[in-house]
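Heads up: the structure comes next, in structure tokens.
The values are calculated or read from the model by the stated rules, or taken from the named source; none is laboratory data. These numbers come from a predicted model, not from an experiment. Backbone-built Cβ (ideal geometry, glycine too); neighbour counts: all protein chains shown.
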Amino acid sequence: MTTRSAAVALTLVLALALTGLIGPASAASTHPGIRLWVDVENAGPEIRPQEMVILKVRARFRVPVTLEKMEDPKEAGFRLVRVGRDLWFDVFEDGLTIRAFERTVAVFPQRSGTVVIPPFVHHLTILDEKMKTRKIDVLSEPVPLQVVPAPAPADVWWIPARRFTVTDAWSVPPERLAVGQSTRRTLTIEAEGVFDDQIPPAPALKADGLIVFPGVPERETRIGLGAVQPESELALRDRSLRRPGRLKEVKNAPEGPIARVVYSWDIRPTTDRPVTLPAVTMPWYDVTAGAMRTVEIPARTVALAAGNRTPDVAALELALGIVAPTDAPPGAGRGLPMMLAGLAGAVAFVATLGLALALVAPDALRALVAGRRRSLVVRRERRLLRRAARRRDGVALRAAVTSLAGAGRLDPATLPDLPALDRHLYADPPGPAPDHRRLAEAVIRSLRPPAGDPVASPAARALQRA
């Protein structure tokens with residue numbers, strides 16, 4: 001044994017002797033040579049329901065620890081989230097250098113009264129005085145929290161936070177919109193010491209003369225790690241022990257959860273009169289000052305820009321049903337009403353011509369209508385056949401050919417690719433696939449127009465199903 005190894009062994013034996021390590025391998029609130037306790041760090045003078053309370057779980061070890069795992073308590077009366085990673089470091093106490101442990105958790109009591117945090121359980125594997133491993137469980141003392149009732153009324157959204165901010169942004173200034181233009185309003189809420197599900201719901205934006213489309217809310221909760229030592233200053237072993245949690249972590253930010261919620265609305269005016277959106281107020285409880293506060297977003301006006309109201313714009317407003325003001329520009333609305341009058345005259349001419357044909361030559365009118373129907377059916381058949389060819393749907397093509405042949409509009413003998421399609425669909429083993437596009441074009445070229453009423457044609461119904 002080298003001199004260095006002998007010195008390490010002697011130090012270990014002296015440490016074991018000083019600690020007096022004895023006792024069975026069982027659960028205990030204390031253990032010789034091990035001390036485990038919890039410190040409470042709350043921001044304000046009192047604790048309110050759903051307020052974040054920071055717990056520092058600390059331990060000191062005068063015995064060698066080979067394996068360890070700490071179990072967090074679980075109860076229905078509070079929420080708990082771990083902040084950052086566990087810390088292991090050396091401290092100097094009573095003339096000895098010993099190992100120290102620290103874990104940071106944030107708890108959120110969910111009701112008023114006395115809320116007891118059950119013990120933290122540290123599962124340890126240690127070396128005894130005979131250099132043999134033993135498994136023990138060390139428990140911290142329960143932590144009682146005195147939670148006072150919330151000062152806010154029952155009909156007010158309760159959110160105790162260390163910081164609460166609301167930012168209002170518009171994609172286009174609402175006071176200078178063009179006709180038919182929309183603007184997007186975005187409210188970004190950020191709060192420290194709460195989760196995103198504690199943020200108040202989106203305010204209702206409703207006003208006569210506006211079309212409002214609410215967007216999908218964006219929610220995010222990050223975990224602030226407090227002041228963090230730079231990664232480059234950590235030992236290699238400490239760097240390898242860093243494991244990200246399920247929530248995104250933020251360095252050099254206040255300890256605990258940091259919530260961010262984004263609400264958005266697309267807003268478009270339906271009138272040229274200015275419309276006022278009321279102010280938005282959000283009360284919150286400042287846990288640091290122990291007082292209720294209110295964030296207020298001022299009222300905003302949504303209106304059309306005055307410079308956009310040219311004569312053509314005014315005519316468009318009339319056509320869209322937007323009420324024109326009394327001081328409309330001279331000449332507004334002259335071009336569009338003339339266009340609408342011309343369109344109405346054309347419709348009236350067509351209607352008069354149809355009525356005259358119905359009275360003078362009813363057979364000619366029926367023939368005209370039937371011809372129009374036949375043209376529509378043929379165009380639809382061509383579209384469906386080409387769509388089946390693009391999809392390489394041989395079954396649909398074969399069904400269409402069979403239906404058209406049964407209606408007397410197609411001779412299958414004129415289709416050279418039809419036998420290859422049948423071998424591909426029905427032969428065992430199947431043959432190679434034919435050129436579906438070439439087959440569809442051959443069907444279209446050989447197709448005869450439907451006779452009689454094309455609406456009742458079985459071929460049209462078959463192609464519709466295809």
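Things to note:
- Of all residues in the stretch 271-295 being under 31 Å from the mean Cα position of the chain (by Cα) and part of a loop (DSSP other than H, G, I, E, B), the one that is surrounded by the fewest Cβ atoms within 10 Å (Cβ to Cβ): ALA279
- Subset of the stretch 164-190 (residues that are touching a residue at least 60 places away in the same chain (Cβ under 8 Å), under 24 Å from the mean Cα position of the chain (by Cα) and over 14 Å from ILE267 (Cβ atoms)): PHE164, THR165, VAL166, THR188, ILE189, GLU190
- Among the candidates VAL194, VAL216, VAL166, the residue that is among the β-branched types (Val, Ile, Thr), surrounded by fewer than 15 Cβ atoms within 10 Å (Cβ to Cβ) and out of contact with any helix residue (DSSP H, G or I) (no Cβ under 9 Å at 6 or more places or on another chain) is uniquely VAL216.
- Contact map, the stretch 412-425: residues that are in the same structural domain as ARG438 (by TED's automatic domain parsing) paired with residues that are in a loop (DSSP other than H, G, I, E, B) and of a type in the set (Asp, Glu), Cβ distance under 7 Å, separation 6+ or inter-chain. Pairs shown: ASP417/ASP435.
- Residues of the stretch 76-111 that are at pLDDT 90 or above and polar (S, T, N, Q): THR104, GLN110.
- Among the residues of the stretch 103-124, those identified as assigned to a strand (DSSP E or B), within 37 Å of the chain's Cα centre (by Cα) and not hydroxyl-bearing (Ser, Thr, Tyr) are ARG103, VAL105, ALA106, VAL107, PHE108, PRO109, GLY113, VAL115, VAL116, ILE117, VAL121.
- Cross-chain or 6+ apart pairs with Cβ under 9 Å, the stretch 94-111 first and touching a residue at least 12 places away in the same chain (Cβ under 8 Å) and in the same structural domain as GLY256 (by TED's automatic domain parsing), then surrounded by 20 or more Cβ atoms within 10 Å (Cβ to Cβ) and not aromatic (Phe, Trp, Tyr): none
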